[in-house]
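J.: My questions will all concern the structure given below.
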Amino acid sequence: MEMRDIEVFLTLAEELHFGRTAERLRLTPARVSQIVKQAERRVGGTLFERTSRRVSLTPLGEQLRDELSETYAAIHDVLDRARLTARGTTEPLRIGMISRRTEMPGPALDRLSERMPGLEANLRSITFADPFGPLRSGEIDVAVLWLPVREPDLTVGPVVDVEPVVLAMSASHPLAAARTVSLEDLAEVPVMGGARPEYWREGLVPSRTPSGRPVPLGPTVTTSEEMIPILATGEAVSPMHAHAAEYLPLPALVYRPIVDAPPARWALVWRTATENERIRAFAEAVRATAP
C-alpha cells in the first residue's frame with residue numbers, strides 16, 4: 001500500500017463515513033471508494049462493511065488499523081524532522097488568538113513539540129473586528145476562533161475547546177441580581193456589537209432572541225479592553241465566553257450563565273492555500289488532545 005492509500009484507510013477507519021473522509025482529504029467519495037477497494041484486493045480481504053446507512057470495520061480492518069496507525073505516525077515524524085533539517089532553520093508557527101486564554105492550545109503545543117522538536121510556536125493577538133484578515137495577509141499561520149466559520153478560502157480544522165457562554169455586565173445592573181439569565185433577556189438591554197462578519201458575531205451575540213424579538217445593539221467595540229468601561233458603567237451588556245470571568249475578574253463586573261445559550265466551540269482555522277506540514281502537524285496534535 002502507498003502512503004496515500006494508508007492515509008485514506010486510516011482516515012476512513014476514524015470517520016466511518018466516505019463523504020467526511022473525502023472532504024477531509026480533499027478527494028471525491030468515488031476516489032476514496034476506489035482506493036479502499038484496491039487496498040482490499042492487495043490485502044486479500046474485506047476491510048469495511050458497507051450498507052446504505054453505515055460503514056464499519058471488519059475484524060480484519062480493525063487489525064490492520066491497529067497495526068498501521070503507530071507505524072504511519074512514526075513515518076510522518078521521521079519525514080517532518082527531515083524537512084526541518086533540510087531547511088536548516090525552523091520558521092515559527094504563528095498562532096492568532098482572540099481569547100485571553102492563551103493556555104487553551106497548550107496541550108496540543110506540548111504534543112507538537114514532541115513531534116517536531118525544532119518547531120517554535122508564537123502567539124499573536126487578533127481582534128474580533130477582523131478575525132480572518134491576519135490569516136489572509138499572512139501575518140499568522142493559524143487562528144483559534146469560535147465557530148461557525150464559513151469562509152470559502154479558509155479550512156476549519158479540529159475543535160480546540162468547548163465552553164459555556166455567560167453574560168457580562170455591571171455589578172449594579174438589574175440582571176446582576178439573578179443567578180442565571182436567558183437569551184430572551186437580551187431583548188431588554190443594549191448589547192455590544194463589533195464582531196465581524198455578521199454571521200460570525202451571531203455565533204456569540206444573536207441579533208434576535210429565540211422567540212424572535214430583536215436584540216438592541218449598543219456600542220461597537222473591537223477588543224475586550226474596549227468593552228470594560230462600557231460594561232462597568234452599565235451602558236451595555238455582552239455575551240462572552242465563560243473564561244472571561246477568570247481573565248477579567250474586575251469588581252465592577254459580574255458574569256451570569258446564559259442557560260439557553262449553546263456551548264461555544266473554538267476551532268483551529270487556517271488559509272487553505274498556505275497549508276503546510278507545520279499546520280497539519282498542529283491540527284493533528286489538536287485532534288489528539290481535544291476534550
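The values are calculated or read from the model by the stated rules, or taken from the named source; none is laboratory data. Everything quoted here is computed from the prediction, not taken from an experiment. Backbone-built Cβ (ideal geometry, glycine too); neighbour counts: all protein chains shown. Areas reflect the complete protein model, heavy atoms only, side chains present, ligands, DNA and RNA absent. Shrake-Rupley method; radii C 1.70, N 1.55, O 1.52, S 1.80 Å.
J.: Open to solvent by 40 Å² or more (accessible area, probe 1.4 Å), of a type outside the set (A, V, I, L, M, F, W, C), modelled with pLDDT of 95 or more and closer than 30 Å to residue 25 by Cβ: is that true of residue 190 in this structure?
T.: Considered against the rule, which asks whether it is open to solvent by 40 Å² or more (accessible area, probe 1.4 Å), of a type outside the set (A, V, I, L, M, F, W, C), modelled with pLDDT of 95 or more and closer than 30 Å to residue 25 by Cβ, residue 190 comes out as no.
J.: Something else about it: Please indicate, with yes or no, whether at least one residue in the stretch 116-129 is at pLDDT 80 or above and touching a His at 6+ places or on another chain (Cβ under 8 Å).
T.: No, there is no match, as no residue in the stretch 116-129 is at pLDDT 80 or above and touching a His at 6+ places or on another chain (Cβ under 8 Å).
J.: Restricting the stretch 16-73 to residues that are of a type in the set (Gly, Ala, Ser) and not in a helix (DSSP H, G or I), which is nearest to residue 155 (Cα to Cα)? Spell out the reasoning first.
T.: The first filter runs over the stretch 16-73 and keeps only residues of a type in the set (Gly, Ala, Ser), leaving 19, 22, 30, 33, 39, 44-45, 52, 56, 61, 69, 73.
Imposing the further condition that a residue be not in a helix (DSSP H, G or I) reduces the set to 44-45, 52, 56.
Numbers: 44: 36, 45: 35, 52: 29, 56: 27 Å.
Per the stated criteria, the residue is 56.
J.: Select from the stretch 223-252 the residues that are part of a loop (DSSP other than H, G, I, E, B) and crowded, with 22+ Cβ neighbours inside 10 Å and list them in ascending order.
T.: 236
J.: Every residue in the stretch 207-222 that is open to solvent by less than 40 Å² (accessible area, probe 1.4 Å) and in contact (Cβ under 8 Å) with a residue 24 or more places away in the chain, please.
T.: Across the stretch 207-222, the qualifying residues are 209, 215, 218, 219, 221.
J.: Starting from residues that are over 18 Å from residue 157 (Cα atoms) and in contact with a helix residue (DSSP H, G or I) (Cβ under 6 Å, 6 or more places away or on another chain), keep the ones in the stretch 2-15 and report whichever is surrounded by the fewest Cβ atoms within 10 Å (Cβ to Cβ).
T.: Ranking the qualifying residues of the stretch 2-15, first place goes to 5.
J.: Further, regarding this structure: Inspect the stretch 153-167 for any residue being farther than 22 Å from residue 284 by Cα, in a loop (DSSP other than H, G, I, E, B) and open to solvent by less than 10 Å² (accessible area, probe 1.4 Å) and give the result as yes or no. Show your work before the answer.
T.: Step one: filter the stretch 153-167 for residues farther than 22 Å from residue 284 by Cα, giving 164-167.
Checking which are in a loop (DSSP other than H, G, I, E, B) leaves us with 164.
Then keep just the ones that are open to solvent by less than 10 Å² (accessible area, probe 1.4 Å); that gives none.
No, the conditions are met nowhere in the stretch 153-167.
J.: So is residue 258 under 23 Å from the mean Cα position of the chain (by Cα), of a type in the set (Val, Ile, Thr) and under 24 Å from residue 161 (Cβ atoms) or not?
T.: yes
J.: Looking at the stretch 258-273, is at least one residue over 30 Å from residue 121 (Cβ atoms) and touching a His at 6+ places or on another chain (Cβ under 7 Å)?
T.: No, the stretch 258-273 contains no residue that is over 30 Å from residue 121 (Cβ atoms) and touching a His at 6+ places or on another chain (Cβ under 7 Å).
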